[in-house]
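The values are calculated or read from the model by the stated rules, or taken from the named source; none is laboratory data. The shown structure was predicted, so the numbers you read here are calculated from the model rather than taken from an experiment. No Cβ is skipped: glycine too gets one built from the backbone with ideal geometry, and neighbour counts run over all protein chains shown.
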Amino acid sequence: MKILHETVQTIPRLPFKYYEHDPLTDINVAPHWHQGIELNYLVSGTTLKFVTDGQTNEYRPGDLWTTNRRVVHSASGPTEVDWVEFGLIIDDDFLQTQIPASANWQLTLNGAASSKTHPQAYADVRQQLVTIHDLLTTPTTDLLRLQILSHFYQLLVTLGQTFTVPLTATTVSPNLTLTDTVMTAINQHYAEPIDGNTLAEQFHVSLTTLNQ
């Protein structure tokens, strides 16, 4: 199965990419990844199956969840349902510039379970995200951009304070130079067919080392 690098339209002078499900298409999304952290909100529809690195979670209308950077993920659900879903992909360079510790973030926001554990913070993230969504329906002026940023910054604060844990030793790459080199190559050639064996051969490492 081909894994894609997802490209979403960037909004000028805002540090995130915004996406909204197109009602003229089905909800199924092929396995893909991107550099930044993704925040998703399923507004309406039915049960959505969301797979991250081979693990399946089910989300229902009202659920918020995050996908960590560089994690392969996909979505699937019934084609006859009227889906409403939107979210943000946070620019990783911006995030790490503003919050250097975020390089070590592992996001834990995960639907209903997070809502029960941290109801107020969960509601705050949803409100900030919905407000950003509503503001983006009008042409973006300088003042509106500042207003959007104010909600975006508050969203980051809540995520960072409540829905992150440090990466464990086993999740940190033992070869950061190799990781950066390979990620640069993928970013440069994401539109071309890429697989693990080819990358391992290109960088003279085993497939096991590359996957780690």
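Each residue in the stretch 119-170 was checked for being part of a helix (DSSP H, G or I) and in contact (Cβ under 8 Å) with a residue 40 or more places away in the chain, and 18 of them qualify.
K116 fulfils the conditions (1) basic (K, R); (2) within 27 Å of H32 (Cα to Cα); (3) out of contact with any strand residue (DSSP E or B) (no Cβ under 7 Å at 6 or more places or on another chain) except for a single criterion, (2).
Residue pairs whose Cβ atoms lie under 6 Å apart, separated by 6 or more positions or on different chains, with the first residue in the stretch 26-55 and free of Cβ contacts under 8 Å to residues at least 12 places away in the same chain and in the same structural domain as L95 (by TED's automatic domain parsing) and the second of a type outside the set (S, T, Y) and crowded, with 20+ Cβ neighbours inside 10 Å, do not occur. One residue alone among L136, L167, L129, L156 is at pLDDT below 95, touching a strand residue (DSSP E or B) at 6+ places or on another chain (Cβ under 8 Å), under 22 Å from R13 (Cβ atoms) and not small (G, A, S), and that residue is L136. When restricted to residues that are of a type outside the set (A, V, I, L, M, F, W, C), in a helix (DSSP H, G or I) and either modelled with pLDDT of 95 or more or touching a helix residue (DSSP H, G or I) at 6+ places or on another chain (Cβ under 7 Å) (or both), the stretch 101-118 contains 5. The residues of the stretch 90-110 that are of a type in the set (S, T, N, Q), touching a residue at least 40 places away in the same chain (Cβ under 8 Å) and out of contact with any strand residue (DSSP E or B) (no Cβ under 9 Å at 6 or more places or on another chain) amount to a single one, Q98. For the stretch 1-25, the set of residues classified as of a type in the set (D, E) and at pLDDT below 50 consists of E6 only.
Scanning the stretch 197-207 for residues that are modelled with pLDDT under 80 and under 18 Å from W33 (Cβ atoms) yields a single hit, L207. Name the single residue, out of those in the stretch 109-140 being over 14 Å from D63 (Cβ atoms) and among the β-branched types (V, I, T), that is surrounded by the most Cβ atoms within 10 Å (Cβ to Cβ). Filtering first and then ranking leaves I132.
For H151, the criteria (1) under 15 Å from W105 (Cβ atoms); (2) at pLDDT 85 or above; (3) surrounded by 14 or more Cβ atoms within 10 Å (Cβ to Cβ) hold in every case but one, which is (1). When the residues of the stretch 33-75 are filtered to those that are touching a strand residue (DSSP E or B) at 6+ places or on another chain (Cβ under 8 Å) and at positive phi, the one that is surrounded by the most Cβ atoms within 10 Å (Cβ to Cβ) is G45.
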